[in-house]
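Taken together, the values in this text are just the output of simple stated rules run on the coordinates, not laboratory data. Please read these numbers as outputs of a predicted model, since none were measured by experiment. We place every Cβ from the backbone using ideal geometry, glycine too, and count neighbours over all the protein chains shown.
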Amino acid sequence: MPRAIVAVEDVNAWEREADVVVVGLGCAGAAAVLEATAAGAEVVALERASGGGGTSANSGGVIYLGGGTAVQRACGFEDSPEEMFKYLMAASGPAPDEAKIRVFSEDSVAHYEWFVRQGVPFKAVFYPHYSGEPPTDDGLVYSGSENAYPFDEIARPAPRGHVPQIPGQAGGLLMQKLLAAVEASGAEIVTDAHCQQLVVDADGAVVGVVVRVDGEMRTIRARGGVVLCAGGFVNNKEMLERHAPELLQCKYRVGTTFDDGSGIRLGMAAGGEAIHMGYGSISLPIVPPKKLQKGILVNGHGVRFINEDAYFGRVGEHAVYRQDGVAYLILDAETFDRPDVEREIAGVGESIAELETELNLPSGSLQSTLELYNRHAEQGNDPLFHKSADWLVPLSHPPYGALDCTTANSLYAVFTLGGLRTSIDGEVLTPDGDAVKGLYAAGRTTSGIAAPGYASGVSIGDGTFFGRRAGAGAARRARA
């Protein structure tokens, strides 16, 4: 790849001009295009693949929205921007972006209505059985740990996972609707187009791009700005080794081949700061069936480390970041069931002591853990992790078994959360907090509100929300 920055004086001629150039046509890029064209801007959208959609099209399609949407109200749930804000601030640690979370929460109902205007359908039925996209076409799920400790004591629980109306994975339908809106917007869409360089003027402002199309390099001037929506870097091994080595142990990378960090590197070359590059969303789905939440998760020392009814993204993050990817789900004869996500049995025993030996845990460790857990579970309490009483039963019916939840032998789904630092209006910021003039970004190319504590739907939620703001900002600049 050539040097990521080229001086405007080295561009002999512009082959195309537009008000706004959007790089990438996943959910964030589509939102940027739609908002920029709605503001009257002339837009060129560059998509590296042969068609738009990106990782969003292959996702479950859950969108994190709240504050009292029509779907929430129809399903009988009370929510407010303040409750949504409190939950996201508590869950999105250790360094939540308060300004972004505030505006995202306050404008979430309006953002839901924007999706409806783009033709995205939502069925106002709540699916109660587990987080993530349901097997039905129901439109609302709990997609985080809102109703689990400690968050149920911090903010009033409400489900905020909004799912387009189609059974199973809904990302395809979501992107079908958004891309149809893009097609109707009047924007020019160029596919098989790899943005290789940003063009900057003498003041460091981004004024255009150099893009490879059909094997040829073309230059496009951006009168208002360039919006980078080129995905994360989960499929760039070198960047993972440098920034987020823990993620390399996870077997399933959520992303396309083009989630290689190219947009992040372009932004950095123009002076933007990349932040939170070690953060990743790490999912360990121990359910369904939900019965398995009655078991306990222990680490390589035979000790519990989390409440098992927490969202599987929180469970996965704790297992990888805090337990070196070693975890076992301990069950007895009454609680055992086969998980929907295939998982090996790591050990069995007629007693906890036998199971402890099978798992090669420290002598007495698992026995002590179970003795303490069972003693309190009999009273309906979990003083260590406060698992809901709905899933709290003593594990006292032999034989005992352990499902293998280690990263070595289990499926952990992962994608990156770090990226370019941006303002609430999508401007790419320098390490000093100044805007790189003419450069905007959204989605997983940025560090948005998504952080450890991730809830399903935050990527599409914040990608589209801040994609819209970035597109609008670039369009305003073109008119200035």
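Between amide H atoms placed 1.01 Å from N, distances below 5 Å from LEU140 occur with VAL125, TYR127, VAL163, all of them 5 or more places distant or on a separate chain. Think of each Lys and Arg Cβ as +1 and each Asp and Glu Cβ as -1; about the Cα centre, that makes the dipole of the stretch 285-404 roughly 360 debye.
Taking the Cα centre of the chain as origin and assigning +1 to Lys and Arg Cβ atoms and -1 to Asp and Glu Cβ atoms, the resulting dipole is close to 820 debye. Report the Stokes-Einstein translational diffusion coefficient (µm² s⁻¹, integer) for the chain, Rh taken as the Kirkwood radius over Cα pairs, at 25 °C with viscosity 0.890 mPa s. Once the numbers are plugged in, D ends up at 106 µm²/s.
Within straight cross-link reach of LYS294, meaning Cα distance under 27 Å, which lysines are found once same-chain residues fewer than 8 apart are removed? Of all the lysines, those that pass the test against LYS294 - Cα under 27 Å, at least 8 places apart if same chain - are LYS251, LYS387.
Every pair of different Cα atoms in the stretch 375-419 enters the Kirkwood calculation, which places the hydrodynamic radius at 13.9 Å.
Taking a span of 27 Å or more along the helix axis (Cα atoms) and a mean Kyte-Doolittle hydropathy of at least -1.0 as the rule, the DSSP H helices of the chain that qualify are 458-479. Both radii were evaluated on the Cα set of the stretch 164-323; the Rg over Rh quotient, with Rh as the Kirkwood radius, amounts to 1.07. With θ taken as phi - 60° and the Karplus curve 6.51 cos²θ - 1.76 cosθ + 1.60 applied, the whole-hertz 3J(HN,Hα) list for the stretch 147-153 is 9, 10, 5, x, 6, 5, 9 Hz, x standing for glycine and proline. When the alpha-carbon atoms of the stretch 285-404 are used, the pair Rg, Dmax equals 12.8, 33 angstrom. The slack between ALA269 and ARG476, meaning 0.36 nm per residue of separation minus the straight C-alpha distance, is 72.1 nm. Charging the Cβ of each Asp and Glu at -1 and of each Lys and Arg at +1, and nothing else, the dipole of the stretch 342-393 about its Cα centre rounds to 220 debye. Taking N as the residue count of the stretch 87-186, its C-alpha radius of gyration divided by 2.2 N^0.38 Å amounts to 1.20.
Candidates SER456, VAL141, LEU198 compared by Cα position along the dipole of the chain: farthest toward the positive end lies LEU198, with charges placed on Cβ.
With the Kirkwood sum run over all distinct C-alpha pairs, the stretch 332-480 has a hydrodynamic radius of 19.7 Å.
Rounded to whole numbers, the Karplus 3J(HN,Hα) couplings from phi for the stretch 290-306 are 5, 3, 5, 5, 6, x, 10, 9, 10, 8, x, 9, x, 10, 5, 9, 6 Hz, using 6.51 cos²θ - 1.76 cosθ + 1.60 with θ = phi - 60°, and x at Gly and Pro. Excluding same-chain neighbours fewer than eight residues apart, the lysines reachable from LYS437 by a Cα-Cα span under 26 Å are LYS100.
Cross-link reach is defined here as a Cα-Cα straight distance under 17 Å, omitting same-chain residues fewer than 8 places apart; for LYS177 the lysines meeting it are LYS123.
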